[in-house]
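Below is one structure; the comments refer to it alone.
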Amino acid sequence: MKQNISVVPLLFTRKWTLSIKMLRGFIKMGKTRFFPKRDYHFDHMKNLCLVYFKLTALCNLRCVMCGQWGEKGVMKNCDISEEAKKILPLEDYKRVIDEIAPYRPIIYLWGGEPFLYPHIIPLVKYIVDKGLYVSVNTNGTFLEKHAEVIVRDKWSTIFVSLDGFRETNDTMRGRGAYDRVLNGFAAINREKKRQNSIYPILGIVTTVTNMNYQDLDRLAEASREYKLDVHIFNLGTYTNDRIVAAQRVFMKEKLDTDIDCLAAYNTGYNAHIDGQKLYRILQNIHQKDFGHPMITVPALNPEKIHTYYADLETPVRNHCIVPWCQTNINYNGDVHFCADYPDYILGNIKAQSLKQIYNGERANLFRKTINACEGGMFPGCLRCYQNMLFGEKIRGY
Ligand SMILES: C[S@@+](CC[C@H](N)C(=O)[O-])C[C@H]1O[C@@H](n2cnc3c(N)ncnc32)[C@H](O)[C@@H]1O
Ligand code: SF4
């Protein structure tokens, strides 16, 4: 099955400058894997290759499996108006971008729904004007409204979440989401043609659950019409009570941190997925030529897919490299390594530079602690999306 790096040759055929920017990121990630992991007295910013900006916690949808706003979501009962007040001003992001631009990382914007961040348009323009690669992960419901400016400002990549056809997608993501996403694709493609531009590279992310997995091949087939550049199948982040309990104890003991976020991924939406059937469906998808790459995250040896769902406690990736080359800046300025689990705070960009935070004591304590763990990951890291993307593949998987 195709790995995420297979996007690079695709981009090369569309726009070689973009592909070089992305390749640079993969090379840095490779370096952090092959060279010894240094904890102290090393400038880790040198290896920074991917920076997540979680622009806002707010979202206009309530996707059932979402760790933030879903049925078990950690934000479910929060005071929305209070969360809205916490967002960073554009100036703070500009300062961080100025600081990290020399390291040429890929910038990944997400949320909540990133289009609910009021300054997203000038922010992306600022990033693009700095010559950085920017990828935006959106639920796609605001694409139509902003299509003209997205193409005009040459956003590098947009990944739109689409989980099925109308009925399935809207059961998972909310009524009307499917039609708004399709209208968004049409608007972007129309603008690309009108403005004679290849930007943005357009992708779908399909989060696999027990509600949609039997329909993935039909969805892949239909995606030909959307004039896509890439389609990613995300096998999903999930966990169970035992792993959450083990992580809770571990994080308290070793890093004096209370954890809230992991339990939100114990959704049940990965239960009873027939791994053999999913394997046949994915195999079918990967054997066909859709004119754009189909990528599965994590890329597993096909016969092992059942393990992913049936045996959650068996790792399929280990040795997380995220703390050595990536970081996430939360909407309130807090900096974390783990984008989906913002429990352990490294520092806040309103008080310190990113370099001070990234090379700081709390960051190094985290690195040292995870490095000392068996397999180079914490008990809660099993099936973490970031580790699925960037962890080391365990032999056989
Ligand atoms: C949290 S959303 C934020 C961006 C935007 N609101 C969206 O939906 O695309 C980022 C991605 O995580 C995916 N996602 C949601 N729940 C998930 C889960 N339990 N496991 C893995 N990915 C999930 C979404 O489908 C989306 O592609
Ligand atoms: S649109 Fe994204 S952030 Fe909003 S509920 Fe759905 S997955 Fe979560």
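What the table below lists for this structure:
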| read-out | value |
| --- | --- |
| Label zone at SER81 (point 7 Å along Cα-to-Cβ), backbone N below 11 Å, the range 107-146 | none |
| Hz values of 3J(HN,Hα) by residue in the range 119-129 - Karplus curve (6.51, -1.76, 1.60), Gly and Pro given as x | 10, 4, 5, x, 5, 5, 4, 4, 5, 4, 5 |
| Convex hull (Cα only) mean projected area of the range 35-138, reported in nm² to one decimal | 8.5 nm² |
| Surface/4 estimate of mean projected area, convex hull on alpha-carbon atoms of the range 149-245, nm² | 7.6 nm² |
| Normalised per residue, the volume of the convex hull around the Cα set of the range 76-121 (Å³) | 94 Å³ |
| Computed over the range 213-304, Kirkwood Rh from alpha-carbon pairs, angstrom | 15.6 Å |
| Overall Cα dimensions of the range 290-391 - principal axes, largest extent first, Å | 48, 38, 18 |
| ³J(HN,Hα) computed for each position of the range 85-96 - Karplus, 6.51 cos²θ - 1.76 cosθ + 1.60, integer Hz, glycine/proline x | 6, 7, 4, 7, x, 4, 4, 5, 5, 4, 4, 5 |
| Highest-fluctuation residue, GLY25, GLY268, GLY291 considered, GNM on the chain with Cα pairs under 10 Å | GLY291 |
| Rounded to the nearest 20 debye, dipole of the range 269-397 from Cβ charges on Lys, Arg, Asp, Glu | 260 debye |
| Cα convex hull volume per residue for the range 219-272 (Å³) | 115 Å³ |
| Rounded to the nearest 20 debye, dipole of the range 24-81 from Cβ charges on Lys, Arg, Asp, Glu | 360 debye |
| Under-5 Å amide H pairs with LEU50, H placed in peptide plane, nonlocal only | ILE106, THR327 |
| Rounded to whole Hz, the Karplus (6.51, -1.76, 1.60) HN-Hα couplings of the range 334-339, x for glycine and proline | 5, 10, 9, 7, 8, 5 |
| Among MET65, TRP110, TYR133 - extreme Cα towards positive end, dipole of the range 11-139, charges at beta-carbon | TYR133 |
| Part-to-part distance (alpha-carbon centres) for the range 136-155 and the range 158-203, which is given in Å | 10 Å |
| Calculated diffusion of the range 144-203, Stokes-Einstein form, Kirkwood radius summed over Cα pairs, 4 °C and 1.567 mPa s, µm²/s | 109 µm²/s |
| Listed peptides 362-374, 53-65 by packing density, highest first (mean Cβ within 10 Å) | 53-65, 362-374 |
| The chain - convex hull of the alpha-carbon atoms, volume per residue in Å³ | 128 Å³ |
| Coordinate range along principal axes, alpha carbons of the range 129-172, Å, largest first | 40, 19, 10 |
| Dipole magnitude of the chain about its Cα centre (Cβ charges: Lys, Arg +1; Asp, Glu -1), debye to nearest 20 | 1260 debye |
| Amide proton proximity set for ILE295, modelled H, under 5 Å, gap of 5+ | HIS231, ILE232, PHE233 |
| Among MET45, SER81, LEU365 - extreme Cα towards positive end, dipole of the chain, charges at beta-carbon | MET45 |
| Other-chain or far-sequence residues with amide H under 5 Å of VAL136's (modelled H) | LEU109, THR157, ILE158, PHE159 |
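Taken together, the values in this text are just the output of simple stated rules run on the coordinates, not laboratory data. Just so it is clear, the model here is predicted, and its values are computed rather than measured. All Cβ positions, even for glycine, are placed from backbone atoms using ideal geometry, and neighbour counts span all protein chains on display.
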